[in-house]
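This is the structure, below, for whatever I ask next.
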Amino acid sequence: MKTILITGAAGDVGTHLRRELAGKYRIRASDLRSIRKIAEETVVRADIAKMADALRITKGVDAVVHLGGYSVEGPWEGILSANLTGCYNVFEAARRNGVKRILFPTSNHAVGFYRREQTIDHRVYPKPDSRYGVSKVFGEALGSLYADKYGMQVFCMRIGNVNPKPIDKRRLAIWFSPRDLAQLVTIGIERPDIRFEIVYGISGNKRAWYDNSNAYRLGYRPQDDSEIYAAEVLAREKPGDPVAEQYQGGVFCVAEEVPNPAPLPRVKKRASRRKASRRR
Ligand code: 15L
């Protein structure tokens with residue numbers, strides 16, 4: 001059984017993924033926050049902005065799914081440290097530890113300034129809609145460098161929105177169900193011929209803005225389509241910002257800070273924080 005490191009494992013996507021992949025891989029779940037075990041898995045506390053931590057957690061794994069980092073638009077300092085320094089540290093630590101394969105969950109916000117009437121594929125040039133989107137373009141570029149220069153195998157998934165159900169009109173186009181996420185990640189881990197790939201991390205949505213033929217070429221067969229929720233979602237939709245409505249990235253195109261639409265699992269109580277600081 002392969003050993004997989006999942007960074008940012010306590011986050012929403014990480015939690016869905018760990019649940020879906022339980023029993024299939026030996027999972028090493030890492031996060032800055034405390035992680036609630038949901039299955040047979042090893043849990044490690046690490047700050048990927050520190051190279052020593054990145055080296056420690058990438059040792060002896062077969063692949064890394066690098067979810068760790070800032071996951072929405074926010075202040076530059078946080079994005080710089082988590083998404084640029086942190087991302088660099090994870091790629092570099094993996095290389096030094098001889099880990100060949102990295103799955104990098106990039107984001108729809110790397111291309112969020114494409115208009116909604118346009119269908120884009122994996123070959124379009126980036127059009128980030130936020131500082132966060134820029135950090136994802138950085139990660140894609142870093143992946144390309146590590147593939148070409150060091151022969152690493154890099155699988156970039158421009159993820160839409162992972163949720164059990166689509167939550168609004170924009171997410172009908174970019175919804176990614178947890179089981180489809182698990183299928184695409186499994187392809188990224190298992191396909192032998194990966195060098196550097198960009199695919200879209202969405203379900204088989206009828207309303208998709210993406211031509212996801214590169215994922216299909218690699219064997220992806222999504223089981224879900226947001227369309228079955230469309231009537232219910234559209235019935236409760238309220239008119240949004242007129243500029244945001246024109247672009248695929250939505251509110252990320254206009255806002256300086258964006259709340260996470262899927263609440264993060266709670267970091268629990270004082271006692272565990274006290275214990276953690278005693279350990280430090
Ligand atoms: C993302 O990239 C974020 O990580 C996620 O929290 C959502 O905001 C998602 O995009 C989205 O566009 O819905």
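The values are calculated or read from the model by the stated rules, or taken from the named source; none is laboratory data. Being a predicted model, the structure only gives us computed values, none of them experimental. Heads up, the Cβs are rebuilt from the backbone with ideal geometry, glycines too, and the neighbour counts pull from every protein chain shown. Surface accessibility is based on the protein's heavy atoms, side chains included, excluding ligands, DNA and RNA. Shrake-Rupley method; radii C 1.70, N 1.55, O 1.52, S 1.80 Å.
Among the residues of region 104-114, is there at least one that is open to solvent by less than 60 Å² (accessible area, probe 1.4 Å), over 16 Å from residue 157 (Cβ atoms) and in contact (Cβ under 8 Å) with a residue 60 or more places away in the chain?
Yes, the conditions are met somewhere in region 104-114.
Oh, and also: Only one residue in 163, 205 is within 14 Å of the ligand (Cβ to nearest atom) and surrounded by fewer than 21 Cβ atoms within 10 Å (Cβ to Cβ). Which one? Please lay out each step first, then the result.
Values: 205 fails: surrounded by fewer than 21 Cβ atoms within 10 Å (Cβ to Cβ).
None of the other options fit; the residue is 163.
For region 34-63, give me each residue that is under 13 Å from residue 94 (Cβ atoms) and not acidic (Asp, Glu).
48, 51, 54, 55, 56, 57, 58, 59, 60, 61, 63
Anything in region 115-135 that is open to solvent by less than 20 Å² (accessible area, probe 1.4 Å) and either of a type in the set (Val, Ile, Thr) or under 16 Å from residue 196 (Cβ atoms) (or both)? List them, or say none.
Listed by number, the list holds a single entry, 120.
Just checking, does region 45-61 include any residue being open to solvent by 60 Å² or more (accessible area, probe 1.4 Å), of a type in the set (A, V, I, L, M) and touching an Asp or Glu at 6+ places or on another chain (Cβ under 8 Å)?
The answer is no, given that none of the residues of region 45-61 is open to solvent by 60 Å² or more (accessible area, probe 1.4 Å), of a type in the set (A, V, I, L, M) and touching an Asp or Glu at 6+ places or on another chain (Cβ under 8 Å).
Working carefully through the options 71, 34, find the one that is open to solvent by 20 Å² or more (accessible area, probe 1.4 Å), under 22 Å from residue 110 (Cβ atoms) and either assigned to a loop (DSSP other than H, G, I, E, B) or not small (Gly, Ala, Ser) (or both).
71
A follow-up question, please. Is it true that some residue in region 82-96 is part of a loop (DSSP other than H, G, I, E, B) and either open to solvent by 50 Å² or more (accessible area, probe 1.4 Å) or on the phi < 0 side of the Ramachandran plot (or both)?
Filtering region 82-96 for residues part of a loop (DSSP other than H, G, I, E, B) gives none.
So far as region 82-96 goes, no, none of its residues is part of a loop (DSSP other than H, G, I, E, B) and either open to solvent by 50 Å² or more (accessible area, probe 1.4 Å) or on the phi < 0 side of the Ramachandran plot (or both).
Hey, another quick one. For region 114-148, which residues satisfy the criterion of being away from the ligand (no atom under 14 Å from the Cβ), of a type in the set (Ser, Thr, Tyr) and over 23 Å from residue 92 (Cβ atoms)?
119, 125
Could we say that residue 210 is under 23 Å from residue 9 (Cα atoms), open to solvent by less than 50 Å² (accessible area, probe 1.4 Å), in contact (Cβ under 8 Å) with a residue 40 or more places away in the chain and in contact with a strand residue (DSSP E or B) (Cβ under 6 Å, 6 or more places away or on another chain) here?
So residue 210 fails the test.
Next question, about the same structure. On the basis of being touching a residue at least 12 places away in the same chain (Cβ under 8 Å), open to solvent by 10 Å² or more (accessible area, probe 1.4 Å), touching a helix residue (DSSP H, G or I) at 6+ places or on another chain (Cβ under 8 Å) and in a strand (DSSP E or B), does residue 28 make the cut?
yes
I would also like to ask the following. Give the residues of region 166-191 that are more than 24 Å from residue 118 (Cβ to Cβ) and either outside any loop (DSSP other than H, G, I, E, B) or within 13 Å of the ligand (Cβ to nearest atom) (or both), sorted by residue number.
178, 179, 181, 182, 183, 185, 186, 187, 188, 189, 190
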